[in-house]
Amino acid sequence: MSEKKPFYITTPIFYPNANLHMGHAYVMTIADIVARYHRLKGEETYFLAGSDDNTAKIFKAAEEKGQSIPDYLDSVTLGFKNLYKDLNISYDQFIRTSDKEAHWPGAIKLWNKLVENGDIYPSTYEGLYCTACETFYTEKDLVEGKCPIHGTIPEKIKEKNYFFKLSKYSAKIKEEIESGRMEVIPVSRKNEILAFIDRGLEDISFSRPKHVVPHAIPVPNDPEQVMYVWCDALTNYISALGYGREDDSKFKKFWPADYQVIGKDILRFHAAIWPAMLLSAGLPLPKKILVHGLIMSGGQKMSKSIGNVIDPNELIKEYGADALRYYLARKISLFEDGDMTHESFKDVYNGDLANGLGNLVSRVMKMAQDNLSEPVYAETVFHKTLLSFMNEFEIQKAANHIWEEIAELDRLIQTKEPFKLVKFDPEKGKEIMRELVAKLKHISHSLAPFMPETSEKILALIKANKAPSEPLFMRKDS
Ligand code: MSP
């Protein structure tokens, strides 16, 4: 019996304390492209999304809005799901860490495994905590006394906590990363995490007093303590699959993950703490951690106070999901910080899509409609070059490759001029037109993971041997 190869890809679960922004749209889009690609290759793909609910921030945000925590979470996560729907994100499951049935049993089971292995011990934490990033800091982590990410002064706290013996796993994690058994991509991030581990991993506080985050997951056998949010959040990647639940068949099938996609700001959690937890519990480590950069605008971090925030919802409304997906996949450099402005988006939309792909489809299909009596039949497979890029998560290079093929097709029309040729050598002219349609079909097939709606539209036109009745790319609000 031939079984489909399982493929598991995860995304960070987002804090539901604010609306999603372009950074979130980015990671969901690149993960979606890869998930769709693996599905098209015939693999049994599982694509996980979710929300990180058990934080002190959410407690505060719900209180400020005068809502109960469940009502507050429902309303925010609905916004997440609407964005994913509008952006055509094909996730298989949306896990919420507040879900007592889906998530909590896994978090509790993993905690108990760490306890059984002697890796959890009570102590007192005295130090700094940034609620905005839910991170414990030491003085040396700070920049001018402030949180390196939020620029705010962290709280000084002293509390009884349970600690996790992270230090015990330094050497083992290092070995897993160096050997490539757990690959950290790109190499610059691999080096960064190895250097961090070399400075020595310290044990980390893994619980908080219950009164700080009353809705978080209780620590087994201690009603006064709840799990530290990152301890609980990281577990989502396995709890979602059924780890700790009666039916853990998905966990057995899909774990370890093929890809865990994350932003560079959460590297330490995923490439040091998470593997240590898994090692302690005797579970396999993820195969690859893919670390992308951050999206900036005009060289600066997108922020409300600077006024350079670009709302993904607005772009989708005006230009459609595929335009945004294309921009994010092709124009944002995957492994470095990318830059996005309204101006560059418009330029790319007009140049690459409306006047580029859109025009090409109109020209080729108009010729086909006017000159060919039958639709062109052509087998399509992913090109070897595309396969090799996509297998390596090189989305940007794969998109570049497709656009080179589009440029080639444009050149073919210019040099062979089949629309002229067909008038004095109909057979030859038609033959070139059939070649153009076949190549367009191949391009549309390659485009499917990137621009699913556009790909489908072009394939339908080819099947019907018809020119589009209106431009493929047209601003909706213009
Ligand atoms: N809740 C944690 C993740 C827990 S995973 C077990 C968290 N949430 S977050 O909402 O703050 O960020 C989620 C992801 O969004 C991170 O991977 C982060 O890198 C990414 N981004 C946030 N801002 C970003 C940009 N401006 N650009 C690209 N990605 C960015 O951290």
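Only one of these is part of a helix (DSSP H, G or I), touching a residue at least 12 places away in the same chain (Cβ under 8 Å) and either buried (at least 17 other Cβ atoms within 10 Å of the Cβ) or in contact with a Leu (Cβ under 9 Å, 6 or more places away or on another chain) (or both): 399, 438. Name it.
Answer to the check: 399.
Go through region 232-276 and count every residue that is more than 21 Å from residue 167 (Cβ to Cβ), open to solvent by 30 Å² or more (accessible area, probe 1.4 Å) and within 13 Å of the ligand (Cβ to nearest atom).
Residues flagged as more than 21 Å from residue 167 (Cβ to Cβ), open to solvent by 30 Å² or more (accessible area, probe 1.4 Å) and within 13 Å of the ligand (Cβ to nearest atom) within region 232-276 amount to 2.
Report whether or not residue 77 is in contact with a Lys or Arg (Cβ under 9 Å, 6 or more places away or on another chain), over 17 Å from residue 235 (Cα atoms), within 11 Å of the ligand (Cβ to nearest atom) and part of a helix (DSSP H, G or I).
Details: in contact with a Lys or Arg (Cβ under 9 Å, 6 or more places away or on another chain): yes; over 17 Å from residue 235 (Cα atoms): yes; within 11 Å of the ligand (Cβ to nearest atom): no; part of a helix (DSSP H, G or I): yes.
Taking the combined requirement at face value, the residue does not satisfy it.
When you scan region 128-142, do you find a residue that is under 30 Å from residue 29 (Cβ atoms), polar (S, T, N, Q) and not in a helix (DSSP H, G or I), even just one?
Just the residues of region 128-142 that are under 30 Å from residue 29 (Cβ atoms), to begin with: 130-135.
Now restrict to residues that are polar (S, T, N, Q): 131, 135.
Now drop any that are not not in a helix (DSSP H, G or I), which leaves 131, 135.
Looking through region 128-142, at least one residue is under 30 Å from residue 29 (Cβ atoms), polar (S, T, N, Q) and not in a helix (DSSP H, G or I).
Right, residue 95: within 11 Å of the ligand (Cβ to nearest atom) and either in a strand (DSSP E or B) or over 18 Å from the mean Cα position of the chain (by Cα) (or both) or not?
On the way: within 11 Å of the ligand (Cβ to nearest atom): yes; either in a strand (DSSP E or B) or over 18 Å from the mean Cα position of the chain (by Cα) (or both): yes.
Here the answer is yes, as residue 95 does meet what is asked.
Regarding region 218-231, can at least one residue be identified that is more than 14 Å from the ligand (Cβ to nearest atom), surrounded by fewer than 23 Cβ atoms within 10 Å (Cβ to Cβ) and assigned to a helix (DSSP H, G or I)?
Within region 218-231, not a single residue is more than 14 Å from the ligand (Cβ to nearest atom), surrounded by fewer than 23 Cβ atoms within 10 Å (Cβ to Cβ) and assigned to a helix (DSSP H, G or I).
What do you reckon, is residue 294 within 12 Å of the ligand (Cβ to nearest atom), of a type outside the set (D, E, K, R), closer than 30 Å to residue 203 by Cα and open to solvent by 50 Å² or more (accessible area, probe 1.4 Å)?
On the way: within 12 Å of the ligand (Cβ to nearest atom): yes; of a type outside the set (D, E, K, R): yes; closer than 30 Å to residue 203 by Cα: yes; open to solvent by 50 Å² or more (accessible area, probe 1.4 Å): yes.
Against the criterion (within 12 Å of the ligand (Cβ to nearest atom), of a type outside the set (D, E, K, R), closer than 30 Å to residue 203 by Cα and open to solvent by 50 Å² or more (accessible area, probe 1.4 Å)), residue 294 qualifies.
How many of the residues making up region 300-311 are at pLDDT 80 or above and either open to solvent by 10 Å² or more (accessible area, probe 1.4 Å) or more than 27 Å from residue 188 (Cβ to Cβ) (or both)? Before you say what the answer is, go through the steps one by one.
Taking region 300-311 first, the residues at pLDDT 80 or above are 309-311.
Those still in the list that are either open to solvent by 10 Å² or more (accessible area, probe 1.4 Å) or more than 27 Å from residue 188 (Cβ to Cβ) (or both) too: 309, 311.
Qualifying residue count for the region: 2.
I'd like the residue in region 309-334 that is aliphatic (A, V, I, L, M) and not in a helix (DSSP H, G or I) and, out of all such residues, is nearest to the chain's Cα centre (by Cα). Don't jump to the end; show me each part of the working.
Residues of region 309-334 aliphatic (A, V, I, L, M): 309-310, 315-316, 321, 323-324, 328-329, 332, 334.
Those still in the list that are not in a helix (DSSP H, G or I) too: 309-310, 332, 334.
Numbers: 309: 19, 310: 18, 332: 13, 334: 11 Å.
Once the filter is applied, the top-ranked residue is 334.
Are any residues in region 1-46 away from the ligand (no atom under 15 Å from the Cβ), in contact (Cβ under 8 Å) with a residue 40 or more places away in the chain and of a type in the set (Gly, Ala, Ser), and if so, which ones?
The one that is away from the ligand (no atom under 15 Å from the Cβ), in contact (Cβ under 8 Å) with a residue 40 or more places away in the chain and of a type in the set (Gly, Ala, Ser): 35.
The values are calculated or read from the model by the stated rules, or taken from the named source; none is laboratory data. Being a predicted model, the structure only gives us computed values, none of them experimental. Reconstructed Cβ throughout: ideal geometry from the backbone, glycine too, with neighbour counts over all protein chains shown. Calculation scope for accessible area: heavy atoms of the full protein, side chains included, ligands and nucleic acids excluded. Shrake-Rupley method; radii C 1.70, N 1.55, O 1.52, S 1.80 Å.
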